1. Work through the residues other than Trp310 whose Cβ is under 13 Å from its Cβ and net out their charges, Lys, Arg +1 and Asp, Glu -1.
2. How much of the accessible area of the chain, in percent, comes from carbon and sulfur atoms when a 1.4 Å probe is used?
3. Add -39500 (n - 2.57) for each DSSP H run of 4 or more in the chain, then divide by its residues: what number comes out at 222 nm, to the nearest 500 deg cm²/dmol?
4. Of Ser101, Ser70, Ser167, which is the most mobile in a GNM of the chain whose springs link Cα atoms less than 10 angstrom apart?
5. By the gyration tensor of its Cα atoms, with a ≥ b ≥ c the square roots of the eigenvalues, what is the shape of segment 136-188: rounded for a/c under 1.5, prolate for a/b over b/c, or oblate?
6. Once phi is turned into θ = phi - 60°, what whole-Hz ³J(HN,Hα) does the Karplus curve with 6.51, -1.76 and 1.60 give for every residue of segment 198-210, x standing for Gly and Pro?
7. Could you provide, to the nearest whole Å², the per residue accessible area of segment 2-126 with probe 1.4 Å?
8. If you line up the long axis of helix 11-20 against the longest principal axis of the chain, both from Cα atoms, how many degrees apart are they, to the nearest 10?
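The values are calculated or read from the model by the stated rules, or taken from the named source; none is laboratory data. Just so it is clear, the structure is predicted and the values come from calculations on it, not from any experiment. Please note: Cβ atoms are built from the backbone with ideal geometry, for glycine as well, and neighbour counts cover all protein chains shown. When the accessible area is computed, the model is the full protein with side chains, heavy atoms only, and any ligands, DNA or RNA have been set aside. Shrake-Rupley method; radii C 1.70, N 1.55, O 1.52, S 1.80 Å.
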Amino acid sequence: MFGLIGHSTSFDDARRKAMELGYDHIAEGDLDVWCSAPPQLVEDVKIVSPTGKTIEGTYIDSCFVPEMLSRFKTARRKVLNAMELAQKKGINITALGGFTSIIFENFNLLQHRQIRNTTLQWERFTTGNTHTAWVICRQLEINAPLIGIDLSKARVAVVGATGDIGSAVCRWLSQRTGVGELLLVARQQQPLEELQSELGGGRIATLEQAMPEADAVVWVASMPRTLQIDSSIIKNPCLMIDGGYPKNLDTKFDSLGIKVLKGGIVEFFQDIGWNMMQLAEMEKPQRQMFACFAEAMLLEFENCHTNFSWGRNNITLEKMDFIGDASIRHGFSTLNLKSQFQAAAA
Ligand code: NDP
């Protein structure tokens, strides 16, 4: 059995959803009430791969909302309680979605293994970052040529290059895709230099330097909402893969030559009878989902019950190959420009 731990995109959304599900007492509560609300098993689901294999899973709403991010102890408790619930339900492999994996890593929850009388078994959890990184790389490879960008000659900037997903994307782009030039963007210099030496190449650049030079930009950092970028300095054409969370880049660029693609999203080959992705505002919520969630499904399909994506900068090309092959075999495809625009027009 697989599990997905997620959350609503805002407090208002969470209250609306709770009302629909009949949890009126929580729905009407203020943020303090929500801070003490326990995680909920919201939905069970059965999924059949094109190979014929059937798996079952559960969506757990952590009852975290982004408005709680500044409340350190609450955010930590929400994630750990949801993990405890997943483990108590005997779920073999559970993905941490949205802000929950960021909270886990940034608040160093590895130190908090004991939740009441439960010792968390890390092998039951995955961040889903390996599949996310593979999907983002494939999205770049598939979509750049569609808008006239030849990746073998292109300058590709990775914003968030030293992160878990970003460093995996850089490894793939330099060793598998073979891009014209890789621009490595992050704020701290030392990790950038270490990455550059590991890759044996790539040019370290600031965001301001990279933007006017890049033919394609992979965004794998959660950028501040206040970030402003002047669209007129960006190349035409330019492909932007919005791999961060929340996905809000499409509101920042208004030039026709700039194509923004939601990164790290996959589509299953047929509808899944679930409602959970409506919470995440997918354009086709019956079959689209975050790649990190799909990773838990893939690990379950493959009987690979281990914390496949865990810790920082451990994603190897071999792991990306494994999860990428499984993704294709079990009926997932990447979200591409054509499908994104068709959905928007519908
Ligand atoms: P990490 O924390 O490992 O890495 C974040 C990276 O971004 C670091 O390189 C950091 O370096 C850089 N960074 C942060 N802020 C800025 C900034 N203002 N300007 C430039 N660089 C910056 O994160 P992950 O790799 O785990 O995740 C990256 C993003 O992907 C997150 O937003 C996450 O939510 C999202 N994600 C999306 C998924 C999906 O859509 N399917 C699934 C999983 C994650 P430095 O601090 O030196 O600047």
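1. On the way: positive: Arg124, Arg312, Lys319; negative: Glu105, Glu123, Asp164, Glu295.
Charge balance near Trp310 sits at -1.
2. Working: 7080 of 14670 Å².
Of the solvent-accessible surface of the chain, carbon and sulfur hold 48 percent.
3. On the way: 12 runs with 122 residues, N = 346.
Mean residue ellipticity, 222 nm, calculated: -10500 deg cm²/dmol.
4. Largest GNM mean-square fluctuation: Ser70.
5. Working: a/c = 1.96, a/b = 1.74, b/c = 1.12.
Note, shape of segment 136-188 comes out prolate.
6. After applying 6.51 cos²θ - 1.76 cosθ + 1.60, I find 4, 6, x, x, x, 10, 6, 9, 7, 4, 5, 6, 6 Hz.
7. Details: 5490 Å² over 125 residues.
Computed with neighbouring chains in place, this is 44 Å² per residue.
8. 50 degrees
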